[in-house]
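Engineer: Quick one: the structure is below, and I'll ask about it shortly.
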Amino acid sequence: MSLDLQKLASFAKEQGFIYPGSELYEGIGGIYDYGPLGVELKRRIADLWWRAMVQLHENIVGLDAAILMHPRVWEASGHVEAFHDPLVDNKVSKKRYRVDTLIEEYAQRLEERAHKEVEKKLRKAGLPPEKAKEEVEKHKDYQRAQSLRARLAEAMAKKDWPALTALLEEEKIPCPESGSTEWTPVRQFNLMFSTHLGAVAEEAQEIYLRPETAQGIFVDFPLVLKTARLKVPFGIAQIGKAFRNEIVARQFIFRMREFEQMEMQFFVPPGTEGQWYEYWKEKRLRWHQHLGLRPEYLRFKDHEHLAHYARAATDIEFAFPFGFREIEGIHSRTDYDLSRHAQFSGKKLEYYDESQGRSYVPYVIETSAGLDRLVLAHLSHGYSEELAPTAEGGQELRTVLKLHPLLAPIQVAVFPLIRKEDFVQKARALYEELRFYFLTAYEEKDSIGRRYRRYDAKGTPFAITIDGQTLEDETVTIRDRDTLQQIRLPMAQVRAYLAEKFDVAQWLRTL
């Protein structure tokens, strides 16, 4: 099923996953709130990341650095000088766009058009679909898309804004809203939010809301090294908020002004960074797959143009409804960050390696995942509309959210078949037992079929029903959300059955 992003956003709001920020006051662009189900999903993703990073690795520790940092931190990191987006305004629609995003999305539309025309041509001619790739690569729209990307990459690497302006004009790239090709010149815009620290306005110091979480790890490197008594190689992991003044916040929660990152900086001896880069690429891809994201929905995309301090960089991309986009980056950053902070602070940020008998500035392998983007990935991956049998023997369309059981915001729902006192008492007693071990819901309103459908849409993996047979033999029905299969178990065995299904330790052993 092709899923429309607007439809997914409406579903997320209706079910209580994600709300538009400040909707009571007509909202604020690029800001979202997590509702009762959304906050649970987000916390479960973060918890499983933390367990996989910190709990499973004796040489990785955690950190929670402050959002506000000394202004010199951002000078050392290069954000004050270089943290800019190239922006352009359309003269007709008055809409502002990131020029690289605008051109890339146009190139993608050209590619999609080429694929559709080739597929139609092959079907009409009765030719096998195996010829599609060869024919697509010959298509003028496909070749134009590749040319656009090449020119875009070259201009971005050189920060040649006039070249980007010329590219828009020469290729007549239209505004997605108005269709107009009348553009202003491309210009830079700093993405950091600034504020002031101090009680007296005239003496207040300008500081920034952090645009990334990594710098807190680098600044605290010597303290963690000393207090945690670590030896290289070791890592520091952190989950936290970051802020970017995105002029073009779009695609629901994919690109926001306030977002959350899950980052780990892994410090290694110089010369070993290549093997550790490959290690963390494989490790991080496996984590995503073991949380239920199908392999065909994931891919690596290496960076064609590296930052001056990087040895290698790749993105793990997920197939969102709007195409493959980054959910995590793995970067080999050399010793750039620690060396810059040593230079700007005037303090040594070195590690004495007893085995080598020398001091050196460690190199860094970074893994950085967007927590909000992962929420969106799992919502779009799990959302499904399918036919399901009814109690009357017919079929009806059900909306179901097929999340991995460990991510389910509500793990189990308990229902009395009918609202009679003896049914309700049994159901309430089971609910009271289970809620100490699992996030459990109790529901007695509406027919049992409606309740099943309601919790299918919430992503609840198991529904337990107290029925007439329960009153006779103390057994209950457990229904599986995905297969719709039902089994009967003695009530005394329910907790053990669910504990096995939600066994985090067993899941961790698969990583």
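The numbers here are math on the coordinates, done by the rules we state, and not lab data. Only a predicted model underlies this, so the values are computations on that prediction, with no experimental measurement involved. Note: ideal-geometry Cβ built from the backbone for every residue, glycine included; neighbour counts use all protein chains shown.
Engineer: Neighbouring Cβ atoms within 10 Å as the yardstick, rank 89, 4, 337 fewest first. Provide the component values of the computation, followed by the final result.
Structural biologist: Numbers: 89 18, 4 11, 337 25.
Arranged by neighbour count, lowest to highest, 89, 4, 337 become 4, 89, 337.
Engineer: With just the Cα atoms defining each centre, how far is the stretch 264-331 from the stretch 486-501? Give it in Å.
Structural biologist: Using only Cα atoms, the two centres lie 39 Å from each other.
Engineer: What ranking, highest mean first, results for peptides 238-244, 228-234 when packing means the other Cβ atoms within 10 Å averaged over each residue?
Structural biologist: Details: 238-244: 18.9, 228-234: 15.4.
Put in order of decreasing packing, that is 238-244, 228-234.
Engineer: Sort 10, 355 so the one with the fewest other Cβ atoms within 10 Å of its own Cβ comes first.
Structural biologist: On the way: 10 11, 355 8.
Going from sparsest to densest Cβ surroundings: 355, 10.
Engineer: Quick one: which residues, 5 or more positions from residue 19 or on another chain, have an amide H under 5 Å from its amide H? H modelled 1.01 Å from N in the peptide plane, none for Pro or chain starts.
Structural biologist: 33, 34, 35
Engineer: Semi-axes, largest first, in whole Å: what does sqrt of 5 times each Cα gyration tensor eigenvalue give for the stretch 128-217? Write down the numbers at each step before the final one.
Structural biologist: Numbers: eigenvalues 368, 75, 32 Å².
Semi-axis lengths for the stretch 128-217 are 43, 19, 13 Å.
Engineer: Along the Cα→Cβ direction, 7 angstrom out, place labels at residue 157 and residue 22. What is the inter-label distance in nm?
Structural biologist: Placing both labels 7 Å along Cα→Cβ, they lie 4.1 nm apart.
Engineer: Averaging sequence separations of C-alpha pairs under 8 Å and six or more residues apart, then dividing by the length of the chain, give the relative contact order as a whole percent.
Structural biologist: On the way: 854 pairs, mean separation 69.0, N = 511.
After rounding, I find 13 percent.
Engineer: How much net charge surrounds residue 448 when only other residues with a Cβ under 12 Å from its Cβ are counted (Lys, Arg +1; Asp, Glu -1)? Write down the numbers at each step before the final one.
Structural biologist: Numbers: positive: 419, 445, 450, 451, 453, 454, 479; negative: 443, 444, 446, 467.
Net of charged neighbours comes to +3.
Engineer: Which whole DSSP H helices in the chain pass both tests: a Cα extent of 18 Å or more along the axis and a mean Kyte-Doolittle value no lower than -0.5?
Structural biologist: On the way: long enough: 36-50 (21 Å, -0.12); 99-125 (39 Å, -1.21); 140-158 (27 Å, -0.99); 273-290 (25 Å, -2.37); 421-434 (20 Å, -0.64).
Both cut-offs are met by 36-50.
Engineer: Can you sort 61, 400 so the residue with the fewest Cβ neighbours within 10 Å comes first? Provide the component values of the computation, followed by the final result.
Structural biologist: Values: 61 16, 400 22.
In order of increasing Cβ crowding within 10 Å: 61, 400.
Engineer: Right, another one. From Cα pairs below 8 angstrom and at least 6 apart in sequence, can you work out the relative contact order of the stretch 360-405, rounded to a whole percent? Please report the intermediate quantities before stating the final value.
Structural biologist: Details: 35 pairs, mean separation 14.3, N = 46.
Relative contact order here is 31 percent.
Engineer: Sticking with this structure for a sec: List, in the order given, every pair from 13/95; 42/241; 241/281 whose Cα-Cα distance in the structure shown is over 18 Å. The partial results should precede the final answer.
Structural biologist: Numbers: 13/95 26 Å; 42/241 13 Å; 241/281 24 Å.
The pairs that break the limit, which is 18 Å between Cα atoms, are 13/95; 241/281.
Engineer: Starting from the Cα gyration tensor of the stretch 264-384, take the square roots of the eigenvalues, sort them a ≥ b ≥ c, and report rounded, prolate or oblate (rounded when a/c is under 1.5, otherwise prolate if a/b is larger than b/c, else oblate).
Structural biologist: Numbers: a/c = 2.72, a/b = 2.32, b/c = 1.17.
Prolate, because a/c is 1.5 or more and a/b exceeds b/c.
Engineer: Here's something else I'd like to know. If you average the sequence gap of Cα pairs under 8 Å that are 6 or more apart and divide by the length of the stretch 261-343, what percent do you get for the contact order?
Structural biologist: On the way: 79 pairs, mean separation 19.9, N = 83.
After rounding, I find 24 percent.
Engineer: Taking a cut-off of 17 Å, what percent of all Cα-Cα pairs in the stretch 410-509 are separated by more than that? Write down the numbers at each step before the final one.
Structural biologist: Details: 2351 of 4950 pairs.
Tail of the P(r) past 17 Å holds 47 percent of the pairs.
Engineer: Moving to a separate point now. With a 10 Å radius around each residue's Cβ, average the other Cβ atoms per peptide and rank 435-444, 45-54, 18-27, 408-417, highest first. Spell out each step's value before the answer.
Structural biologist: Values: 435-444: 16.1, 45-54: 19.4, 18-27: 13.2, 408-417: 23.9.
Top to bottom by mean Cβ count within 10 Å: 408-417, 45-54, 435-444, 18-27.
Engineer: Another question, then. Classify the stretch 164-298 from the C-alpha gyration tensor, please: rounded if a/c falls under 1.5, else prolate or oblate depending on whether a/b exceeds b/c. Don't skip to the end; give the middle numbers.
Structural biologist: Working: a/c = 2.29, a/b = 1.29, b/c = 1.78.
Note, shape of the stretch 164-298 comes out oblate.
Engineer: Where Rh denotes the Kirkwood radius from the mean inverse Cα pair distance, what is Rg over Rh for the stretch 85-187? The partial results should precede the final answer.
Structural biologist: On the way: Rg = 15.9 Å, Rh = 14.7 Å.
So for the stretch 85-187, dividing Rg by the Kirkwood Rh gives 1.08.
Engineer: Work through the residues other than residue 193 whose Cβ is under 12 Å from its Cβ and net out their charges, Lys, Arg +1 and Asp, Glu -1.
Structural biologist: Net charge around residue 193: +1.
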